[in-house]
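Structure first, then comments.
The values are calculated or read from the model by the stated rules, or taken from the named source; none is laboratory data. All of these numbers come straight from a predicted model, not from anything done at the bench. Here the Cβ is made from the backbone with ideal geometry for all residues, glycine too, and neighbour counts use every protein chain on show. When the accessible area is computed, the model is the full protein with side chains, heavy atoms only, and any ligands, DNA or RNA have been set aside. Shrake-Rupley method; radii C 1.70, N 1.55, O 1.52, S 1.80 Å.
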Amino acid sequence: MKLSFQLQYEPQWAELLRMNNWSLALLGNQSFFGDWDEKKACNYLLQTNNFKIWTYSLEAVKPEFPIEYKYLIYDHTNEKVVAWESRENRVLTDIHPETANIVLSDADLHFDIPFFKGAGVAIPVFSLRTQHSFGVGEFLDLVKMIDWAKLCGLRLIQTLPINDTTLQHTNADSYPYNTLSVFALHPMYLRLEKMGQLKDAKKQAYFDEQKITLNKLKTVDYQSVNEFKWEYFKLIYKQEKSTVVSSKDFKLYVENNKDWLFPYAVFSFLRDSYQTPDFSSWQEGTCYSEELIKKTLKHESEAVYFYIFLQFHLHLQLSEVHEYAQKKGIMLKGDIPIGVSPYSVDVWQNPDLFNTNVQAGAPPDDFSDKGQNWGFPTYNWELMAKDGYSWWKHRLKHMANYFDAYRIDHILGFFRIWEIPSHAKWGLLGQFNKALPLSEAEINSYNLLFDEKRYLKPYISEDILSSLFGEFTAEVISNFMLEETSGAYVLNPKFDTQRKVSSYFSTKKELTEKDEYLKNGLLKLICQVLFVKDNRNPDFYHPRISFHTNLSYLALNKEDKDNYLKLYEDFYYHRHNDFWEQQAIKKLPVLLGATKMLAFGEDLGMIPFCVPEVMRELHLISLEIQRMPKQPGQEFGVSYFAPYLSVCTTSTHDMSTMRAWWEEDKEKTQRYFNTLLFENGDVPQVCEPWIAEKIISQHIQSPAMWVILPLQDWLSMDEELRHPNALAERINVPDNPKNVWCYRMHLDVDMLLTATNFNQKIKTMIENERP
């Protein structure tokens, strides 16, 4: 008789096991089950063949019923059992003797030891600063960061995406979520000396000088750093290519990664040859094919292998870091961007997997009242499902070569994605996909008499124009409007979409302050509609998001306002709950099961009611931020009420740091000071170190599995170590599409390694709250 045990995965125990080099084991009351002998536990270790199930199988030879057993924890380092289940024995009663296979499904582990709790630091790789780096953080700089984390009792380092984003070779490429390839690593993160020293001493001295100059800068000069590095790459490739390309390790790397590596290298060659990533404009290679890859490799082998040479060195350097982190017991947590560039290798190679006629983004939230337009194509989930989401599984398995955990950027996109039509610039004109749009009859059922002109076209009156354009109203009417009836206007067809308006103003060499004012006013005016057409079926409609700021809504009479509000609330908060849950359950379990990496979900923004339950069911770790509470009506979240399966944090890369936030709104900070910190009196003008320490202590004391804070916020507890200017520490401003991602630590990591008192403070804070 074969007994197969399947134990439901429980992340609270899984992390405890992983961090301590422990495993689950089984022992029972039979000889084939170890006879309860702890010394035999090492022979009955469970495996995690499936991300959600621990398994073990054995042959039950001459079983005597009842069979009793328990799960226990085995310590590999000390070769002993550290805990038995603190519950009654699990029992298998009499089974028919001819039964060949029995599968036992178990759950609810009980051990008299505390759940795992850990703390970590979030820092983009490009933000690291050491004396060895070349004006930008590099993979090998993480080695010292790992040493610092170990000193402080931290167990995890979280990064931003590290994929190649080289599209234009300009500062615009600094956006780490606009990936050229979901597999390729960014060449910027290479340590030049590790690739080899140039034999030409003068040239090597030249780069050494540039390194010193760039390292003195307060921020990352993205374009200059990459220009100098690419110059070095070409020289070192010419010098070392024959040795490296002929090596056994290089050939093995190419063989293991050829499915994505050759398309990436050929794409990169063509991008640089035509000086644009827009493959639709290339003379040759507009469409991917195996024949194109073979032809290019045949005729341009040396040029194509240059890009493979860089990826090989990136692989070596990041693998070295990952191995070092594992030896030190520090997890590396990566970031999975929700989208890819429309000019990416992925879209070029697999165009059918993407909806390139629309743009992904996010509805209005605390980050942006206009919504966000990321410019990414959305996914063709139906087609992806046909082969079991192999593209996603391949992506995650590749990431697992370098990381132990990952953050799913905008996990809400797996329930539904905010999709913006190609003619729009702002997220306000978007809609959810997948969704259940409304028919004309359904709209009428809310006692709203459907009127295509009134509901689908911007509502433009003289009062609205005056409120938007003030003294320039007459000029706007003359240049951009057509008068329909007295006091009522429509947009001139030349300017009736946001894309047309933006194109008009882009023709000017330089925009004046007035031009910007008029442009933004017109972009806002175009958003004043009650409904938007469905992107796939124009006979169905979605209520425009953010009704409370919609001038078209505000112009309705009271009865129509009430009816529209009911429709709006039903549509966004009730109609889709089950539907969106089904969409997520189709995808997420398959993706989570692709690797053994610990999965975190960034669940911020407009959160459907079904999201928390799905995340709990799938053991996904949520994100909890005090200034973005998830409970309606709350001004601040309370860290003591954070769920166990969560990351409790003070801020993210898309937000101002803790210190900068403190100075943004004094009235709000005053309320926080009195109600969350339980302090009396007037709030201090700045977030003084003692305040920062109290805030961080509250987070560490939360029930959350993880407390992962930005490095800037950890440093805020020390007057000498923290940045002199709190406003200089922000990484990204989501509302600014031209933001350059250039934040860099103001001090060397070596300084952190020698900050004995500060490091001990962090360690003590963590140890005092660690179970």
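Treating the beta-carbon of each Lys and Arg as +1 and of each Asp and Glu as -1, no other charges, what is the dipole magnitude of the chain about its Cα centre, to the nearest 20 debye? Please report the intermediate quantities before stating the final value.
On the way: 82 positive and 102 negative charges, 358 e Å.
Its charge dipole is roughly 1720 debye.
The Stokes-Einstein estimate for the stretch 639-768, based on a Kirkwood radius over Cα pairs and taken at 37 °C with 0.692 mPa s viscosity, is a diffusion coefficient of 208 µm²/s.
Rounded to the nearest 10 square angstrom, VAL490 shows an accessible area of 50 square angstrom against a 1.4 Å probe.
On alpha carbon coordinates alone, what is the Rg over Rh value for the stretch 238-370, Rh being the Kirkwood radius? Let's see the in-between values first.
Numbers: Rg = 18.3 Å, Rh = 17.5 Å.
Reported Rg/Rh (Cα atoms, Kirkwood Rh): 1.05.
With the simple model of a label 7 Å out from the Cα in the direction of the Cβ, LEU753 to ILE607 spans 4.0 nm.
Enclosing the Cα atoms of the stretch 399-444 in their convex hull gives a volume equal to 123 cubic angstrom per residue. Couplings for the stretch 570-580, taken from phi via the Karplus curve 6.51 cos²θ - 1.76 cosθ + 1.60 with θ = phi - 60°, read 4, 5, 8, 10, 9, 4, 10, 3, 5, 4, 5 Hz in order; Gly and Pro are left as x.
Here the Debye sum runs over all C-alpha atoms of the stretch 1-87 as equal scatterers in vacuum, and log10 of I(q)/I(0) at q = 0.11, 0.13, 0.14, 0.27 Å⁻¹ comes out as -0.29, -0.40, -0.47, -1.49.
Beta bridges from DSSP with both residues in the chain: antiparallel share about 60 percent, rounded to the nearest 5. Taking each of LYS533/LYS561; LYS425/LYS738; LYS425/LYS514; LYS524/LYS630; LYS533/LYS586; LYS229/LYS738 in turn, the alpha-carbon distance tops 18 angstrom for LYS533/LYS561; LYS425/LYS514; LYS524/LYS630; LYS533/LYS586; LYS229/LYS738. Amide hydrogen proximity for ARG544: with H placed 1.01 Å from N in the peptide plane, the residues at 5 or more positions away or on another chain lying under 5 Å are PHE531, VAL532. Here the Karplus relation 6.51 cos²θ - 1.76 cosθ + 1.60, evaluated at θ = phi - 60°, turns the backbone of the stretch 529-537 into coupling constants of 10, 8, 9, 10, 6, 4, 5, 10, 10 Hz, with x for every Gly and Pro. The amide H of PHE111, built 1.01 Å from its N in the peptide plane, has SER86 as neighbours under 5 Å, considering only residues 5 or more places off or on other chains.
Assign unit charges at the C-beta atoms only (+1 for Lys and Arg, -1 for Asp and Glu), then state the dipole size of the stretch 479-587 relative to its Cα centre in Debye, rounded to the nearest 20.
Numbers: 17 positive and 16 negative charges, 96 e Å.
Rounded to the nearest 20 debye, it is 460 debye.
Can you list the lysines whose alpha carbon sits under 17 Å from that of LYS333, skipping same-chain ones fewer than 8 residues off? The qualifying lysines are LYS117, LYS144, LYS150, LYS397, LYS596. Ordered by 1.4 Å accessible area with all protein chains kept, MET751, MET606 run largest first as MET751, MET606.
Straight Cα distances below 12 angstrom link LYS234 to the aspartates and glutamates GLU302, with same-chain residues fewer than 8 positions distant left out.
Using a 1.4 Å probe, what is the accessible area per residue for the stretch 1-99, in Å²? Spell out each step's value before the answer.
On the way: 5010 Å² over 99 residues.
Per residue, the stretch 1-99 has an accessible area of 51 Å².
Counting helices only, and only those DSSP H runs with n ≥ 4, report the 222 nm mean residue ellipticity of the chain as the sum of -39,500 (n - 2.57) divided by its residues, in deg cm²/dmol to the nearest 500. Could you put the intermediate results ahead of the total?
Working: 27 runs with 293 residues, N = 771.
For the chain, the value works out to -11500 deg cm²/dmol.
THR657 contributes an accessible area of around 10 Å² to the protein surface, as traced by a 1.4 Å probe with all chains present.
Specify whether the C-alpha gyration tensor of the stretch 461-545 places it in the rounded, prolate or oblate class, a ≥ b ≥ c being the square roots of the eigenvalues: rounded for a/c under 1.5, otherwise prolate if a/b is larger than b/c and oblate if not. Oblate shape, in that a/c is at least 1.5 and b/c is the bigger or equal ratio.
In this rough spin-label picture, where each label sits 7 Å from Cα along the Cβ direction, the TYR324-SER105 distance is 4.6 nm. Remark on LEU156: its backbone amide H falls under 5 Å from those of VAL121, MET331, a criterion applied only to residues 5 or more positions apart or on other chains, H modelled at 1.01 Å from N.
Taking the accessible area of the chain, probe 1.4 Å, and keeping the other protein chains in place, the carbon and sulfur fraction comes to 49%. Checking [x] 45, 36, 30; [y] 77, 32, 30; [z] 42, 32, 28 against semi-axes √(5λ) of the Cα gyration tensor in Å calculated from these atoms, the matching label is [x]. I need the shape label for the stretch 175-253. Rule: rounded when a/c is under 1.5, else prolate if a/b > b/c, else oblate, with a, b, c from the alpha carbon gyration tensor. Note, shape of the stretch 175-253 comes out oblate. Averaging the Cα positions of each part gives two centres, and for the stretch 317-334 and the stretch 112-135 these lie 11 Å apart.
Per residue, how large is the accessible surface of the stretch 108-261? Use a 1.4 angstrom probe and give square angstrom.
Working: 6170 Å² over 154 residues.
On a per-residue basis, the stretch 108-261 sits at 40 Å².
Count neighbours as other Cβ atoms within 10 Å of each site's Cβ, and list the trypsin sites (Lys or Arg not before Pro) in the stretch 76-159 that are DSSP loop with at most 13 such neighbours. Could the numbers behind the result be given before it?
Details: sites: LYS80, ARG87, ARG90, LYS117, ARG129, LYS144, LYS150, ARG155; in loops: ARG87, LYS117, ARG129, ARG155.
When the trypsin sites (Lys or Arg not before Pro) of the stretch 76-159 are filtered for loop state and at most 13 Cβ neighbours within 10 Å, ARG87 remain.
Computed over every Cα-Cα pair of the stretch 308-441 and binned at 10 Å starting from 0, the pair-distance distribution P(r) comes out as 11, 32, 30, 20, 5, 1, 0 percent.
Of the residues THR356, THR99, THR165, ranked by 1.4 Å probe accessible area with the largest first, the sequence reads THR356, THR99, THR165.
At a probe radius of 1.4 angstrom, the accessible area of the stretch 715-763 per residue rounds to 50 square angstrom. Let me make sure I get this right: for the stretch 245-316, a, b and c are the square roots of the gyration tensor eigenvalues over alpha carbons, sorted descending. Under 1.5 in a/c it's rounded, otherwise prolate if a/b > b/c, else oblate. Which is it? Prolate, since a/c reaches 1.5 and a/b exceeds b/c.
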